[in-house]
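Report on one structure; see the data block that follows.
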Amino acid sequence: MTSRTRWIWLGDHLAVDFANTTIGLGVRRAELIGTVEEFRAWIEAEPAWLPAVDDGDIELGQVLEQRDATDRLLRCAARGMPLATEDIELINSRVRAAGVSRLLATVPGTSRLAADAGFPALLGVLGAATVDLLARDDLAAIAICEAPGCGQIFHRSRRNQRWCSPGCGNRARVDRHRHRNPVAGAVAAR
Ligand SMILES: [Zn+2]
């Protein structure tokens with residue numbers, strides 16, 4: 001993927017948006033923030049507030065390490081599996097290192113940081129978002145979309161919702177139909 005990725009799915013919980021920076025199912029997941037430029041494009045497209053950081057201060061290896069830990073934690077939580085100790089420790093260490101205390105700001109629905117600390121604060125805010133999501137007893141109903149080529153984490157708005165979007169639901173239905181009826185599937189795929 002290039003920095004031309006259109007981040008149309010952002011606007012979810014910040015931890016979900018951060019985890020959803022790869023796309024695809026299983027081993028075929030594609031990296032969407034493999035360069036500082038791509039990560040910058042994600043920061044700019046992300047609607048949630050994030051601390052300002054200079055490109056020169058971004059350690060992409062640390063970003064990806066934390067993204068992978070966040071992704072594993074959310075996927076385990078969505079499947080009702082136990083969370084890995086190493087991943088928990090990584091997230092907690094990033095929150096502690098940043099000392100990110102959120103303070104009230106003047107506009108309802110917004111907040112600010114006690115100190116502007118650049119890159120560590122960015123990782124800390126992303127880590128705090130993961131804590132916030134996974135500390136909820138309902139986990140905000142997070143689930144994994146099983147549509148072909150998707151694999152994104154999303155919030156179920158109904159109990160039995162299986163796809164993150166109507167587009168994914170349509171693709172999954174076409175795919176299922178094709179497997180059941182190869183001739184009809186060939187027509188539908190054109
Ligand atoms: Zn999907």
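The values are calculated or read from the model by the stated rules, or taken from the named source; none is laboratory data. If you're wondering where the values come from, they're calculated on a predicted model, not measured in any experiment. As a convention, Cβ positions derive from the backbone with ideal geometry for all residues, glycine included, and neighbour counts pool all protein chains shown. The accessibility values were calculated without ligands, DNA or RNA, using every heavy atom of the protein model including side chains. Shrake-Rupley method; radii C 1.70, N 1.55, O 1.52, S 1.80 Å.
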So G167 ticks every box in (1) in a loop (DSSP other than H, G, I, E, B); (2) open to solvent by less than 60 Å² (accessible area, probe 1.4 Å); (3) at pLDDT 85 or above but one. Which box is left unticked? (1)
Which residues, taken from the range 130-154, are open to solvent by 10 Å² or more (accessible area, probe 1.4 Å), more than 16 Å from the ligand (Cβ to nearest atom) and part of a helix (DSSP H, G or I)? V131, D132, L134, L139, A140
Check L60, L73, L126, L133 and return the single one that is in contact with a Phe, Trp or Tyr (Cβ under 8 Å, 6 or more places away or on another chain) and within 18 Å of D12 (Cβ to Cβ). L126
Pairs where the first residue, in the range 134-148, is closer than 23 Å to G24 by Cβ and the second is aromatic (F, W, Y), C-beta under 8 Å, 6+ apart: I142/F154; A143/F154; I144/F154; C145/F154; C145/W163; E146/W163; A147/W163
Pull out all pairs, ordered by first then second residue, where Cβ-Cβ is under 6 Å, the residues are six or more apart or on different chains, the first lies in the range 8-36 and is farther than 17 Å from T70 by Cβ, and the second is of a type in the set (D, E). V36/D55
